[in-house]
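Asker: Got a structure for you, written out below as structure tokens; questions coming shortly.
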Amino acid sequence: MGKRSVIPFGPQHPVLPEPIHLDLVVEDERVIEAIPSIGFIHRGLEGLVKKKDFNTMTYIVERTCGICSFQHGMGYCETLEHIMDVEVPDRAKLLRTIWAELNRMHSHLLWLGLLADGFGYENLFYQCWRIREKVLDLHELTAGARLIFSVNKVGGVLRDIDEDKQKIILNTISEVEKELLVIEKTFFNDYTVQSRLKGVGILTKEKAHELGCVGPFARASGLNVDLRKLNYAGYGMIDLEPITSNDCDSYARCYVRLKEIYQSIDIIRQAISKLPADKTISVPVKGNPNGEFITRLEQPRGEAFYYVKANGTPYLDRMRVRTPTFANVLGLCEMLKNTELADVGLLVLTIDPCISCTER
Amino acid sequence: MDEVKELKTNDKMRQLSKLEEIPASDLLERCLELKRAGLRFSQACAAYYEDKFHLTYTFSNYDTLEIISLRVVIDPEEEIHSITEFIPAAIFYENEMKEIFGVKIKLITNDLNNKLYRINVEAPLGVAPQEGGKE
């Protein structure tokens, strides 16, 4: 048995811009245990419900995360719509679906680029982010902003996507699909990529279940769970099947996320084809919310919870966001056990961590 | 008998969400029952209103997408038992409740002693400190 020592990883690390710290207990460069700590960027966003009214909170909740901002705003608005018994127009539901899937595409492309950079393929990293730029351009075209959309409101959305813009979206996602087919060959077939990802960072289905893992991280361990089947937003009008893998390793996580980009493209096509002729995108909402509800939705990184307790005034008693990374950190620590120290940076990336989200 | 309403698109989420109010003394037993039934622990959170802590522990069913939330209402001075001994996934959630709200939770498997978020204010969303301090 070799000598045990503790090596700190993060909160600042070249491969990971997210501020998470791990104390790695290693023995002969093999990780025995990983002890996580967060808390470097806690902003106290949930506490602002005491000072900001529930409509203003929509824009604050969006700022929980710069990558899945749209879905945070949507989850919060849907929770209030449940409490206030508001039925959003079909067009608004499908518009939310389109933006949510564009959000997922850009998030997964961002992650693929970071992964490529992590295993040393800088050119592939640039290619992924070059393709992602096209999706960000679609954000700007349809919502007026590249990251923080601010198009959600309680009762619907603030902007429509007209037919000209729909055509641009369809053309652009077709281009993205073609370019993705080229770069996926490297992710799936390259010898070096496979040697870095296959059989590395195993998280079994049982452990993923026990530790409450979510999203592509859980689906890559064989858990068939995708909350889009809950029919929130416009997903009730869309055909989709969760993408899963039983390989439980880093390669499986890459596979699931890459395939989910194609799935998002398909969902956007379906949603655009089903946009109703009725141009109503929101309904008026009167009064203040009173009651409580928990909403769940499938963000790019996995299941997110939104809990709201309202009291009939413009100020909520409580608003809570449970983000996917919060649920995945323990799975990460389990996965790191018995791996090589040199693989840790890449393995942390494979859960697609978002610590800004997690700490809120 | 309730009037039958037309099913709205987002009603599926409402139908699949259940809330059970239970006394604090039943929390451990009920959590174990749900775990044994194959449900996954999804989240726990606290809220402070009407001078009480309202704690919510949520479990999910992967197959049906149903969630069951256990609601425990306790006085601010009341102490509850941690569930982390048999549900390790609850570690961060219970540490968060303790640090942000000041909920008294005993025997957390990995008690971070209010250092999860490294904030200087004690229980910022919990019981507001009384002017002039404690009597």
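Please treat every number below as a calculation from the coordinates, not as lab data. If you're wondering where the values come from, they're calculated on a predicted model, not measured in any experiment. So basically every Cβ, Gly included, is an ideal-geometry build from the backbone, and we count neighbours across all protein chains shown.
Asker: Quote the relative contact order of chain A in percent (integer), defining contacts as alpha-carbon pairs under 8 Å separated by 6+ residues. Intermediate values should be presented prior to the final figure.
Answerer: Details: 681 pairs, mean separation 94.4, N = 360.
Dividing the mean separation by the residue count of chain A yields 26 percent.
Asker: Then there is this: In whole percent, what relative contact order does the stretch A:201-284 give with Cα contacts below 8 Å and a gap of six or more residues?
Answerer: Numbers: 86 pairs, mean separation 24.3, N = 84.
Over the stretch A:201-284, the number comes to 29 percent.
Asker: Say each of A:GLU177 and A:VAL15 gets a label point 7 Å from the Cα, pointing the same way as Cα to Cβ; how far apart are those two points in nm?
Answerer: If labels sit at A:GLU177 and A:VAL15, their model points lie 3.4 nm apart.
Asker: So if each residue of separation counts as 0.36 nm, and I subtract the Cα-Cα distance between B:ASP75 and B:GLU33, what length gain in nm does that give?
Answerer: Values: separation 42, 0.36 × 42 = 15.12 nm, distance 2.51 nm.
Roughly 12.6 nm would be gained on extension.
Asker: To two decimal places, what compactness ratio does the stretch A:243-360 give when its Cα radius of gyration is scaled by 2.2 N^0.38 Å? Don't skip to the end; give the middle numbers.
Answerer: Details: Rg = 19.5 Å, N = 118, 2.2 N^0.38 = 13.5 Å.
Cα Rg divided by the expected 2.2 N^0.38 Å: 1.45.
Asker: Below 8 Å, C-alpha to C-alpha, sequence gap of six or more: please give me the relative contact order for the stretch A:170-241 in percent.
Answerer: On the way: 26 pairs, mean separation 10.5, N = 72.
Result for the stretch A:170-241 is 15 percent.
Asker: Would you mind giving the three semi-axes, in whole Å and largest first, of the ellipsoid equivalent to chain A according to its Cα gyration tensor? Don't skip to the answer; put the middle values down first.
Answerer: Working: eigenvalues 241, 125, 54 Å².
Calculated on Cα positions only, the semi-axes equal 35, 25, 16 Å.
Asker: Subtract the Cα-Cα distance of A:LYS185 and A:VAL25 from 0.36 nm times their separation in residues, and report this length gain in nm to one decimal.
Answerer: Working: separation 160, 0.36 × 160 = 57.60 nm, distance 3.62 nm.
The span from A:LYS185 to A:VAL25 would gain 54.0 nm if fully extended.
Asker: Something else now. Of the residues A:ASN224, A:ASN103, A:ASN328, which exhibits the maximal mean-square fluctuation in a Gaussian network model of chain A defined by a 10 Å Cα contact cut-off?
Answerer: A:ASN224
Asker: Show that you can apply the helix-only estimate: for chain A, add -39,500 (n - 2.57) for every DSSP H stretch of four or more residues, divide by all residues, and state [θ] at 222 nm to the nearest 500.
Answerer: Details: 12 runs with 168 residues, N = 360.
It lands at -15000 deg cm²/dmol.
Asker: Also: So what's the angle, to the nearest 10 degrees on a 0 to 90 scale, between helix B:27-36 and the longest Cα principal axis of chain B?
Answerer: Roughly 40 degrees, rounded to the nearest 10.
Asker: What does the net charge come to around A:ILE98 if you take all other residues with beta carbon closer than 14 Å to its beta carbon, with K and R at +1 and D and E at -1?
Answerer: Details: positive: A:ARG91, A:LYS93, A:ARG96, A:ARG104, A:ARG159, A:LYS165, A:LYS167, A:ARG228, A:ARG269, A:LYS274; negative: A:ASP90, A:GLU101, A:ASP160, A:ASP162, A:GLU163, A:ASP266.
Result for the local shell: +4.
Asker: Here is a follow-up. Once fully extended, how much extra length lies between A:THR280 and A:GLU241, figured as 0.36 nm per residue of separation less the alpha-carbon to alpha-carbon distance? Show your work: numbers first, answer last.
Answerer: On the way: separation 39, 0.36 × 39 = 14.04 nm, distance 2.93 nm.
Residue separation times 0.36 nm, minus the Cα-Cα distance, leaves 11.1 nm.
Asker: A further question on this structure: If you place +1 on the Cβ of every Lys and Arg and -1 on the Cβ of every Asp and Glu, how big does the dipole about the Cα centre of the protein assembly as shown come out, in debye to the nearest 20?
Answerer: Here the protein assembly as shown has a charge dipole of around 720 debye.
Asker: Let me ask you something else. Once the convex hull of the C-alpha atoms of the stretch A:40-181 is built, how many Å³ does it hold per residue, rounded to a whole number?
Answerer: 117
Asker: If you filter the stretch A:154-234 for trypsin sites (Lys or Arg not before Pro), then keep DSSP loop positions with at most 11 other Cβ within 10 Å, what is left? Could you put the intermediate results ahead of the total?
Answerer: On the way: sites: A:ARG159, A:LYS165, A:LYS167, A:LYS178, A:LYS185, A:ARG196, A:LYS198, A:LYS205, A:LYS207, A:ARG219, A:ARG228, A:LYS229; in loops: A:ARG159, A:LYS198.
Here no loop site has a sparse enough neighbourhood.
Asker: Taking a temperature of 25 °C and a viscosity of 0.890 mPa s, what whole-number D in µm²/s does Stokes-Einstein yield for the stretch B:26-99 with Rh from Kirkwood over alpha carbon pairs? Numbers along the way, then the final one.
Answerer: Working: Rh = 12.8 Å.
Value of D from the Cα-based Kirkwood radius: 192 µm²/s.
Asker: Kyte-Doolittle mean at least -1.0 and Cα extent at least 27 Å along the axis: which DSSP H helices of chain A qualify? Mind dumping the intermediate values first?
Answerer: Numbers: long enough: A:90-118 (42 Å, 0.01); A:122-143 (31 Å, -0.41); A:163-189 (39 Å, -0.22); A:250-273 (35 Å, -0.05).
Sorted by number, the helices that extend far enough and score high enough are A:90-118, A:122-143, A:163-189, A:250-273.
Asker: Would you calculate the separation in nanometres between label points at A:SER195 and A:LYS337, each defined as 7 Å from the Cα along the Cα-to-beta-carbon direction?
Answerer: In this crude spin-label approximation the distance works out to 2.9 nm.
Asker: Which value does Rg/Rh take for the stretch A:277-318 over its C-alpha atoms, Rh per Kirkwood? Intermediate values should be presented prior to the final figure.
Answerer: On the way: Rg = 14.3 Å, Rh = 12.7 Å.
Answer for the stretch A:277-318: 1.12.
Asker: How high is the FRET efficiency from A:ASP162 to A:ASP266, r the C-beta distance, R0 30 Å, rounded to 0.05?
Answerer: Values: r = 22 Å, r/R0 = 0.74.
Given R0 = 30 Å and the Cβ-Cβ separation, E is 0.85.
Asker: I've got another one for you. Measure out, as a whole number of angstrom, how far apart the alpha-carbon centroids of the stretch A:146-223 and the stretch B:27-79 sit.
Answerer: 31
Asker: Once you list every other residue whose beta carbon is under 12 Å from the beta carbon of A:LEU223, what net charge do they have if Lys and Arg are +1 and Asp and Glu are -1?
Answerer: Details: positive: A:LYS205, A:LYS207, A:ARG219, B:ARG40; negative: A:GLU206, A:GLU210, A:ASP226, A:GLU303, B:ASP63.
Summing Lys/Arg as +1 and Asp/Glu as -1 gives -1.
Asker: What percentages, rounded to whole numbers, describe P(r) for the stretch A:1-61 computed over all alpha carbon pairs with 5 Å bin width beginning at zero?
Answerer: With 5 Å bins starting at 0, P(r) equals 4, 16, 16, 13, 12, 10, 9, 7, 5, 5, 2, 1.
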